[in-house]
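Here the structure is laid out as structure tokens; the discussion comes afterwards.
The values are calculated or read from the model by the stated rules, or taken from the named source; none is laboratory data. Keep in mind that what you see is a predicted model, and the values were worked out from it rather than measured. Positions of Cβ are generated from backbone atoms using ideal geometry, with glycine treated the same way; all protein chains shown enter the neighbour counts.
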Amino acid sequence: MRITFYGVRGSFPVAHTKVSKVGGNTSCVALRAEGAPTLIFDGGTGLRQCGRELMNEGFGDGQGQAAILFSHTHWDHIQGFMYFEPFYRAGNEVTVVARAQHGARLKQVFQGQVESDYFSYGLGSLRSSVDWKGVAEGETFQLGPYTIETVRLNHPGIAIGYRVTLEGKTFVYMTDTAPYDDQLLGEGFHERKPDTDPKVIAELEGYGEALETFVSGADLLLYDTFFTPEQYSANPHWGHSTPDEGIRLARQGGVPRFYNFHHHPEAWDDELEGRTRDYQTRLGGSDLEIGLAREGESVEL
């Protein structure tokens, strides 16, 4: 497997000299494996460059197969959808995967963002084959040679994480989640439920244990580190996490490689690089590599 980062920011894309080393595009990560479809995680603004590169890898001839797996459909994760060039070449086959809450209306969710009031042309302009697949959190399914598992994440509107296994190697994509410590975020607005409610406490414990099991034994965990611990304390209802929580999950699950991802749009390169070095010194080691997801770079498994 080769995992390539095309968009590593959260909330909105950033164009600034202070993000030139880490990157300013919103979430998009591609997984390539020889003889297998390309898996793409989220379709933020980084999807445009991803699609351009894929046009040189068979998609330009209309012979490509890919799947775009969405954590959720908030704006920063779908901004690049209509700029994905393989969509406009007949013969390409693309599966769009998202949480089953959308069910039969999954296609309509994407259609809505390209209505004429917002965009020049709609889904009818796509020339590739597009298959719309809704999945439920906790569901396991096959996509080509990949075994893909899902888990519920703690985010307003609910997001899902993906665990992909191929030939004994496992990659976990887990973004847009808050720790399951003292609040449960679900459908609707950002309401923090009482941490004294026994039912909520039991749900939190169950969901937290599910996350721990989900990452266990993986080779690489790519995780939402949008906030510092101090920022998280001020914004626990946003549905984002910290390096501390991600590293805890990685260590508890025996994961040897952990990468910071979904960076705050105003966390500049120097801050992110310094923070990553600090965490590697304090909490990393020979058994845990703590890395920084940078646009354009790849990780081999």
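Structure values in brief
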read-out	value
Qualifying residue in region 164-177 (condition: part of a loop (DSSP other than H, G, I, E, B), hydroxyl-bearing (Ser, Thr, Tyr) and surrounded by 19 or more Cβ atoms within 10 Å (Cβ to Cβ))	yes
When residues of region 250-279 are limited to those that are under 27 Å from residue 210 (Cα atoms) and of a type in the set (D, E, K, R), the one nearest to the chain's Cα centre (by Cα)	257
Conditions (1) at positive phi; (2) out of contact with any Phe, Trp or Tyr (no Cβ under 9 Å at 6 or more places or on another chain): number failed by residue 176	(2)
Hits in region 260-301 (condition: surrounded by 15 or more Cβ atoms within 10 Å (Cβ to Cβ), assigned to a helix (DSSP H, G or I) and in contact (Cβ under 8 Å) with a residue 60 or more places away in the chain)	269, 272
Qualifying residue in region 15-37 (condition: modelled with pLDDT of 95 or more, of a type in the set (D, E, K, R) and closer than 17 Å to residue 266 by Cβ)	yes
Subset of region 216-231 [surrounded by 19 or more Cβ atoms within 10 Å (Cβ to Cβ), of a type outside the set (Val, Ile, Thr) and under 15 Å from residue 177 (Cα atoms)]	221, 222, 223, 224, 226, 227
Region 245-259, residues that are assigned to a loop (DSSP other than H, G, I, E, B) and hydrophobic (A, V, I, L, M, F, W, C)	255
In region 112-134, the residues that are farther than 16 Å from residue 94 by Cα and either among the hydroxyl-bearing types (Ser, Thr, Tyr) or touching a strand residue (DSSP E or B) at 6+ places or on another chain (Cβ under 6 Å) (or both)	116, 118, 120, 121
Filter pass, residue 239 being modelled with pLDDT of 95 or more and surrounded by 14 or more Cβ atoms within 10 Å (Cβ to Cβ)	no
Where a residue in region 214-233 is without any contact (Cβ under 8 Å) to a residue 24 or more places away in the chain and its partner, wherever it lies, is in a helix (DSSP H, G or I), with Cβ under 6 Å and at least six apart	229/244
In region 261-301, the residues that are aliphatic (A, V, I, L, M) and more than 22 Å from residue 25 (Cβ to Cβ)	283, 288, 290, 301
Top-ranked residue of region 185-205 - restricted to ones that are under 18 Å from residue 99 (Cα atoms) and modelled with pLDDT of 80 or more, ranked as surrounded by the most Cβ atoms within 10 Å (Cβ to Cβ)	185
Search result, residues across region 145-180 that are hydrophobic (A, V, I, L, M, F, W, C) and in contact with a His (Cβ under 9 Å, 6 or more places away or on another chain)	153, 158, 159, 160, 178
Region 94-110 - residue that is in contact with a His (Cβ under 9 Å, 6 or more places away or on another chain) and aliphatic (A, V, I, L, M) and, of those, surrounded by the most Cβ atoms within 10 Å (Cβ to Cβ)	98
Output for region 134-161, where each listed residue is over 18 Å from residue 186 (Cα atoms), in contact (Cβ under 8 Å) with a residue 40 or more places away in the chain and outside any loop (DSSP other than H, G, I, E, B)	143, 146, 148, 149
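Each row is one residue, and each column tells you yes or no for (1) crowded, with 21+ Cβ neighbours inside 10 Å; (2) among the acidic types (Asp, Glu); (3) closer than 19 Å to residue 30 by Cα.
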| site | (1), (2), (3) |
| --- | --- |
| 77 | yes, no, yes |
| 92 | yes, no, yes |
| 112 | no, no, no |
| 121 | no, no, no |
| 138 | no, no, no |
| 142 | no, no, yes |
| 147 | no, no, yes |
| 155 | yes, no, no |
| 158 | no, no, no |
